[in-house]
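K.L.:
Dumping the structure here so I can ask a few things about it.
Values in this text are rule-based calculations from the coordinates and carry no lab data. Every value quoted in this text rests on a predicted model; they were computed, and no experiment measured them. Neighbour counts are summed over all protein chains in view; Cβ atoms, including those assigned to glycine, are modelled from backbone coordinates with ideal geometry.
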């Protein structure tokens, strides 16, 4: 009987772990931003890190860089973008550790980056960002946690 209970508990933990992934159905803090507002750039402080190794998450399929990255389930930020036609959107992070960046766009496309901002920090440039929701996760390459600043800038 004890082994049956242990097996059931272990299976429940494995099933729970499989479901602990970045989830764009959840919302993070943020709000509405327009392309015009973003031309000056806006920055937000955030604690980089998370418990979910992105490559264990079958729901996350970035079409960009591949590498390690640990993220929370809930987005760190959710923005409602408008007025983005004809603009590019740069999302970058500066941090005290090896940070990583994960984005889900209004078209449900995933983007990942680890080091394109230099100094072990990520940067993603969306060349044709759509109006709509933009979910952003700021994680870390190795599962550590550190202070970071995420910046959005439109051009």
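K.L.:
What number, in percent, do you get for the relative contact order of segment 23-109 if the mean sequence gap of Cα pairs under 8 Å and at least 6 apart is divided by its residue count?
P.N.:
Numbers: 84 pairs, mean separation 36.6, N = 87.
Reported relative contact order: 42 percent.
K.L.:
A further question on this structure: Please arrange 138, 145, 93 by counting, for each residue, the other beta carbons lying within 10 Å of its beta carbon, fewest first. Walk me through the numbers on the way to the answer.
P.N.:
Working: 138 28, 145 15, 93 23.
Least crowded to most crowded, the residues run 145, 93, 138.
K.L.:
Here is a further query. Which order do the peptides 112-120, 39-47 come out in when sorted by mean C-beta neighbours inside 10 angstrom, highest first? Don't skip to the end; give the middle numbers.
P.N.:
Values: 112-120: 17.2, 39-47: 12.9.
Per-residue mean Cβ counts within 10 Å order the peptides as 112-120, 39-47.
K.L.:
Can you tell me the orientation of helix 2-19 relative to the chain, as the angle in degrees between its alpha-carbon axis and the longest Cα principal axis, to the nearest 10?
P.N.:
10
K.L.:
Moving on to the next point. Given the -39500 (n - 2.57) contribution per DSSP H run of 4+ residues, what per-residue ellipticity at 222 nm results for the chain, rounded to the nearest 500 deg cm²/dmol? It would help to have the intermediate numbers written out before the result.
P.N.:
Numbers: 2 runs with 22 residues, N = 155.
Roughly -4500 deg cm²/dmol at 222 nm, from the helical runs in the chain.
K.L.:
Additional query: Multiplying the sequence separation of residue 73 and residue 26 by 0.36 nm and subtracting their Cα-Cα distance, what value in nm do you get?
P.N.:
Details: separation 47, 0.36 × 47 = 16.92 nm, distance 0.80 nm.
Gain on extension, residue 73 to residue 26, equals 16.1 nm.
K.L.:
I'd like the distance separating the alpha-carbon centroids of segment 96-155 and segment 59-79, in whole Å.
P.N.:
Rounded to whole Å, the Cα centres lie 8 Å apart.
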